[in-house]
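Here's the structure, in structure tokens; my notes come after.
The values are calculated or read from the model by the stated rules, or taken from the named source; none is laboratory data. Being a predicted model, the structure only gives us computed values, none of them experimental. Cβ sites come from the backbone with ideal geometry, for glycine too, and all protein chains shown count toward neighbours.
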Amino acid sequence: MKIRRHSVIELAEHWTVALSGIMLLFTGIGELPLYKRYYFILNIPGLGWAGDYFKHLTLHYIFAIFFLAAIIFHVLYHGIRGDKGLVPKKGDTGRSVKVLLAMVGIGEEPPSEKYLPEQRIAYLGMGIIIAVLTLTGVVKIIKNLPFVYMPPFLNGVNTLVHTLAAFLFLLALIMHVGVVALFKSNWPLLKSMFTGKVDEKYVRERHGIWYEELKREGKIDE
């Protein structure tokens with residue numbers, strides 16, 4: 001039996017943020033511009049344009065619209081619905097340590113809710129990074145308007161913070177994919193990000209608290 005873990009809307013949110021975020025990183029790096037210094041990138045089929053600053057800038061704005069739209073939709077949609085599954089809870093840090101240790105064969109993993117404790121912590125961290133990225137990105141757009149003047153010092157600080165936030169976003173993205181892909185116990189979660197579903201056996205064994213909730217709601221036969 002398959003159990004739905006993510007709705008079509010949630011999958012669309014996730015992949016819009018992920019793909020637009022990756023392209024924002026790629027085009028942002030291209031604005032530095034680093035790709036001209038490493039010509040092998042320009043020689044990759046289909047990436048000959050990567051040395052053009054203005055193309056990177058244009059694409060950066062386009063993907064920023066998708067990224068920002070997905071973030072705003074996520075906040076409003078789940079806020080209105082009152083979804084709190086990914087909101088960090090007291091004790092998540094300790095439970096996360098137990099889960100991570102269990103992944104490497106040390107101790108037993110405690111039963112979890114729909115989302116693992118480390119997922120809630122990661123959600124908060126990613127949320128803060130995205131908020132900083134969005135705020136500084138908007139400031140960078142506003143300061144380019146012809147009737148807006150920003151002192152060079154403030155512009156430099158904003159650019160530095162935006163760049164550091166982008167680096168943290170890249171690091172968080174690598175850690176997110178790595179933790180899911182490297183540990184076999186997380187593979188069902190990786191698959192669910194494409195199908196939206198997980199096996200009942202997986203839910204019963206790893207998400208015991210969520211499993212009991214589903215039974216009480218009549219979504220799983222006794």
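Residues are listed down the side, and each one gets a yes or a no for (1) under 23 Å from Leu168 (Cβ atoms); (2) free of Cβ contacts under 8 Å to residues at least 40 places away in the same chain; (3) charged (D, E, K, R); (4) touching a helix residue (DSSP H, G or I) at 6+ places or on another chain (Cβ under 7 Å):
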{"site": "Ser7", "(1), (2), (3), (4)": "no, no, no, no"}
{"site": "His14", "(1), (2), (3), (4)": "yes, no, no, yes"}
{"site": "Thr58", "(1), (2), (3), (4)": "no, yes, no, no"}
{"site": "Ala70", "(1), (2), (3), (4)": "yes, no, no, yes"}
{"site": "Asp83", "(1), (2), (3), (4)": "no, yes, yes, no"}
{"site": "Lys114", "(1), (2), (3), (4)": "no, no, yes, yes"}
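Between residues in segment 145-167 that are free of Cβ contacts under 8 Å to residues at least 12 places away in the same chain and residues that are surrounded by 14 or more Cβ atoms within 10 Å (Cβ to Cβ) and not acidic (Asp, Glu), which pairs lie under 7 Å by C-beta distance while being six or more apart or on different chains?
Met150/Lys143
What are the pairs with Cβ atoms under 7 angstrom where one residue, in segment 171-190, is under 20 Å from His207 (Cβ atoms) and the other, located anywhere, is surrounded by 12 or more Cβ atoms within 10 Å (Cβ to Cβ) and modelled with pLDDT under 85? Sequence gap at least six, or different chains.
Phe183/Met103; Ser185/Met103
If you take the residues in segment 19-32 that are without any contact (Cβ under 8 Å) to a residue 40 or more places away in the chain and crowded, with 16+ Cβ neighbours inside 10 Å, which one is nearest to Leu59 (Cα to Cα)?
Among those that are without any contact (Cβ under 8 Å) to a residue 40 or more places away in the chain and crowded, with 16+ Cβ neighbours inside 10 Å, it is Thr27.
Which helices (runs of 4 or more DSSP H) sit wholly inside segment 1-98 and have at least 2 residues that are at pLDDT 90 or above and not assigned by TED's automatic domain parsing to the domain that holds Thr136? So that I can check it myself, show each step before the final result.
On the way: elements: 8-30, 39-42, 53-81.
The helices (runs of 4 or more DSSP H) meeting that bar are 8-30, 53-81.
Name the single residue that is farthest from Leu170 (Cα to Cα) among those in segment 33-54 being among the hydroxyl-bearing types (Ser, Thr, Tyr) and either surrounded by 17 or more Cβ atoms within 10 Å (Cβ to Cβ) or out of contact with any Pro (no Cβ under 9 Å at 6 or more places or on another chain) (or both).
Checked segment 33-54; the qualifying residue farthest from Leu170 (Cα to Cα) is Tyr39.
If you check every pair at least six apart or on different chains, which have Cβ atoms under 9 Å apart with a residue in segment 120-139 that is not assigned by TED's automatic domain parsing to the domain that holds His60 and in a helix (DSSP H, G or I) first and a residue that is polar (S, T, N, Q) and surrounded by fewer than 17 Cβ atoms within 10 Å (Cβ to Cβ) second?
Ile121/Thr93; Thr136/Thr159; Thr136/Thr163; Val139/Asn155
For every residue, the table says whether it meets (1) over 25 Å from Pro188 (Cβ atoms); (2) over 20 Å from the mean Cα position of the chain (by Cα).
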| residue | (1), (2) |
| --- | --- |
| Thr16 | no, no |
| Ser20 | yes, no |
| Lys55 | yes, yes |
| Ala69 | yes, no |
| Met103 | no, yes |
| Gly107 | no, yes |
